[in-house]
Amino acid sequence: MRSRQPKITDKTAVCIIGLGYVGLPLAVAFAKAGLKVLGVDVQQRRVTRVNKGQSYIADVDSKVLTEVISEGLLEATTDQSKIKEVDAICICVPTPLTRTKDPELSYVVSESKVVSRYLQKGQLVVLESTTYPGTTRQVMLPILERSGLRAGRDFYLAFSPERVDPGSKNYNIRNTPKVVGGIDLKSTKLATLLYSQIVDTVVPVSCPEVAEMTKVFENVFRSVNIALVNELAHLCEKMGLSVWEVIDAASTKPFGYVPFYPGPGVGGHCIPLDPYYLANKAREFDFHTRFIELAAEMNEHMPYHIAFRILELLNTRGRSLHGAKILVLGVAYKKDVEDTRESPALKIIQLLREKGAEVSYNDPYVSQIYMPAGGMKSVKLSRECLASMDCVLIAADHSCYDIGEVVASAKLVFDTRGATRGINQANIVRLGE
Ligand SMILES: NC(=O)c1ccc[n+]([C@@H]2O[C@H](COP(=O)([O-])OP(=O)(O)OC[C@H]3O[C@@H](n4cnc5c(N)ncnc54)[C@H](O)[C@@H]3O)[C@@H](O)[C@H]2O)c1
């Protein structure tokens, strides 16, 4: 076992565990900065693709991936024992929820056990997966110390949340400040040094719990504000006002207001899940996060609201939902991404199908989806296809959609994203109006 001091510089060897939406961009960022990177994943298919320079994450360019692979700066493997050879280990494994919406930390736990088996003196371990405050110290640390090494003395441990904004043209790893909280000063210092190789601004905080809470709070902030504006959308529908016009007007206030927009619900790996991590942990302290849980409830209700509005819209046109032909545009959870995890569009499709509607979808980023009642393939978008539908639902307003064309061809367009704003036609109905 080596007993050297950690070597956190541009010559550091870093291991990224979990080459998904978070891990692969991170691995490439470190490699681009000249660090030697080992990418570890349990999926052989992903490892093979990375080593061939074939990206499966939209935010990672295959050309850049190929460059760092051919320069020998990045290598992917399923062999976890290679963890022994690096200076720093960043863990980016999933943190989903169980069926009963409790935190599912099994990936973090099992990976901590693996790291513990190969842990070396002087190594820095950083957890990046989103989780409740206390995970790094209460869950990971004891497992890592089963190695016989002591945290803060023999190895270093920190939490640093990933803040990636998938599909963003403005924000990337480099210009998004990174929060870092170590279990002691040395761990914070080393993690700060590590991330300053790839991030312009690193924000050290006093402990991992603050870093963990910061990440969950950021996502709860979004969840609560989205729920608020979704509620306002419901009310505007009843009052005959346009929520979009209200938001635009409110946005002219130069201080004390941040615009959020209504939609068919929330999706992705963060907003629908993370609030439950905090709500669950809070119960340990005899505390109920009422605001947070109410917001989650409100957002989860949106697909039901959308399905009900489609039913109503068809009804007022003398058509029943049963047997109606409905085309969903965009099944990704948001604009211009290919990620369908927790996408509200999937729930809407399920609800409409349960009521007997004939549902099809188009999404240029998602060629097929897997549903409990059978998989579906993206249909080709054409004027004929649009015209043959009883209702076209805009669920994700991908930039490539020609909304003018959609509106010109379809009998009825239900727009949940405000994509048709500025077009005045009788066949358009918008959420929140
Ligand atoms: N996707 C986002 O936009 C986003 C943003 C911020 C934070 N996060 C958080 O980052 C974490 C990872 O999310 P993601 O979206 O990258 O997930 P992902 O599912 O895209 O990737 C996770 C990867 O980890 C691999 N994996 C699972 N167990 C493993 C193990 N024991 N050893 C090695 N590899 C293993 C999986 O095969 C997969 O490739 C989660 O906690 C998530 O909440 C995600």
TODO: Mind telling me which of the residues Cys391, Cys385 ends up being open to solvent by less than 50 Å² (accessible area, probe 1.4 Å), touching a residue at least 40 places away in the same chain (Cβ under 8 Å) and over 24 Å from His305 (Cβ atoms)?
DONE: Cys385
TODO: Collect the residues in the stretch 117-129 that are within 14 Å of the ligand (Cβ to nearest atom) and open to solvent by less than 20 Å² (accessible area, probe 1.4 Å), keeping them in residue-number order.
DONE: Val125, Val126, Leu127, Glu128, Ser129
Open item on the list: Given the options Gly267, Gly256, name the one that is touching a helix residue (DSSP H, G or I) at 6+ places or on another chain (Cβ under 9 Å), part of a loop (DSSP other than H, G, I, E, B) and among the small types (Gly, Ala, Ser).
Closed with: Gly267
- [ ] Taking the options Val180, Val114, name whichever one is more than 13 Å from the ligand (Cβ to nearest atom) and β-branched (Val, Ile, Thr).
- [x] Val180
- [ ] Sort through Gly267, Gly240, Gly256 and tell me the only one that's closer than 24 Å to Ala332 by Cα and either among the small types (Gly, Ala, Ser) or touching a residue at least 40 places away in the same chain (Cβ under 8 Å) (or both).
- [x] Gly267
TODO: Name, by its number, the condition in (1) of a type outside the set (Lys, Arg); (2) more than 15 Å from the ligand (Cβ to nearest atom); (3) not in a loop (DSSP other than H, G, I, E, B) that does not hold for Gly53.
DONE: (3)
- [ ] From the list Lys335, Lys325, Lys355, pick out the single residue that is surrounded by fewer than 19 Cβ atoms within 10 Å (Cβ to Cβ) and closer than 18 Å to Pro262 by Cα.
- [x] Lys335
Open item on the list: Of everything in the stretch 72-102, what is open to solvent by less than 50 Å² (accessible area, probe 1.4 Å), closer than 18 Å to Ser116 by Cβ and in a loop (DSSP other than H, G, I, E, B)? Give them in sequence order.
Closed with: Val86, Asp87, Cys92, Val93
Task: Residues (more than 14 Å from the ligand (Cβ to nearest atom), in a loop (DSSP other than H, G, I, E, B), of a type outside the set (A, V, I, L, M, F, W, C) and on the phi < 0 side of the Ramachandran plot) located in the stretch 134-176 - done: Arg146, Ser147, Arg150, Arg153, Asp154, Lys169, Asn170, Arg174, Asn175
Open item on the list: Tell me yes or no: at least one residue of the stretch 114-127 is touching a Phe, Trp or Tyr at 6+ places or on another chain (Cβ under 9 Å), farther than 19 Å from Ala211 by Cβ and among the charged types (D, E, K, R).
Closed with: yes
Open item on the list: Given the condition within 16 Å of the ligand (Cβ to nearest atom) and within 21 Å of the chain's Cα centre (by Cα), answer yes or no: does some residue in the stretch 224-243 qualify?
Closed with: yes
- [ ] Report yes if some residue within the stretch 246-256 is touching an Asp or Glu at 6+ places or on another chain (Cβ under 6 Å) and open to solvent by less than 30 Å² (accessible area, probe 1.4 Å); otherwise report no.
- [x] no
Open item on the list: If a residue must be within 12 Å of the ligand (Cβ to nearest atom) and surrounded by fewer than 21 Cβ atoms within 10 Å (Cβ to Cβ), how many such residues does the stretch 257-268 contain?
Closed with: 1
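The values are calculated or read from the model by the stated rules, or taken from the named source; none is laboratory data. Keep in mind that this is a model prediction, so the values were computed, not measured. Reconstructed Cβ throughout: ideal geometry from the backbone, glycine too, with neighbour counts over all protein chains shown. What goes into the accessible areas is simple: the full protein's heavy atoms, side chains included, and nothing from ligands, DNA or RNA. Shrake-Rupley method; radii C 1.70, N 1.55, O 1.52, S 1.80 Å.
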